[in-house]
Amino acid sequence: MYRTLILAALAGVIAGPAFAAGGSCSTAPKSQFKPKATLEAQLTGEGLTVRQIKVEKGCYEVYAVDKAGKKVNMAYNAETLEKLDNAEAGEN
C-alpha cells in the first residue's frame, strides 16, 4: 500500500512541471510574430474590449475589459497566439 502511494506521489512530482507549464513565450525572432491586430480582432470577437497589448519577451500581454466590465490580464505566445496559463509569462 505504501509502495503504491509513494510511486504515485513520485510520478506526480516528476510530471507536475510538464502539466503546469501551460505554454510558453516564443523564442522566434520578432519578424515571425503574428500581428497584434490579429490578436485584438480575435479577442474583440470573444466580447472583450482591448485596452493595451504589450510585447514582453516573446509574449503578448493583453489588458482588456470583459462583457461584465471586469478588467482582465492575459498572455499569449506572440508567434502562435496560444493563450498561456500564466498572465505574467513574459515578465519572468
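The values are calculated or read from the model by the stated rules, or taken from the named source; none is laboratory data. What you are looking at is a predicted structure, and each value in this text was computed from that prediction instead of being measured. Cβ placement follows ideal geometry from the backbone for every residue including glycine, while neighbour counts extend to all protein chains displayed.
The table below lists the values:
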| read-out | value |
| --- | --- |
| Extreme residue, nearest to the chain's Cα centre (by Cα), among residues of the range 36-92 that are under 14 Å from S26 (Cα atoms) and small (G, A, S) | A75 |
| Test for A11: is it at pLDDT below 95 and closer than 13 Å to E88 by Cα | no |
| Pick from the range 62-87, criterion touching a residue at least 24 places away in the same chain (Cβ under 8 Å) and either of a type in the set (D, E, K, R) or exposed (fewer than 12 other Cβ atoms within 10 Å of the Cβ) (or both), ranking: farthest from P35 (Cα to Cα) | D85 |
| Those residues of the range 47-78 which are of a type in the set (D, E) and at pLDDT below 95, in sequence order | E56 |
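Yes/no matrix, rows are residues, columns are (1) in contact with a strand residue (DSSP E or B) (Cβ under 7 Å, 6 or more places away or on another chain); (2) outside any loop (DSSP other than H, G, I, E, B); (3) not aliphatic (A, V, I, L, M):
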{"site": "A37", "(1), (2), (3)": "no, yes, no"}
{"site": "E40", "(1), (2), (3)": "yes, yes, yes"}
{"site": "T44", "(1), (2), (3)": "yes, yes, yes"}
{"site": "A68", "(1), (2), (3)": "no, no, no"}
{"site": "A75", "(1), (2), (3)": "yes, yes, no"}
{"site": "T80", "(1), (2), (3)": "no, no, yes"}
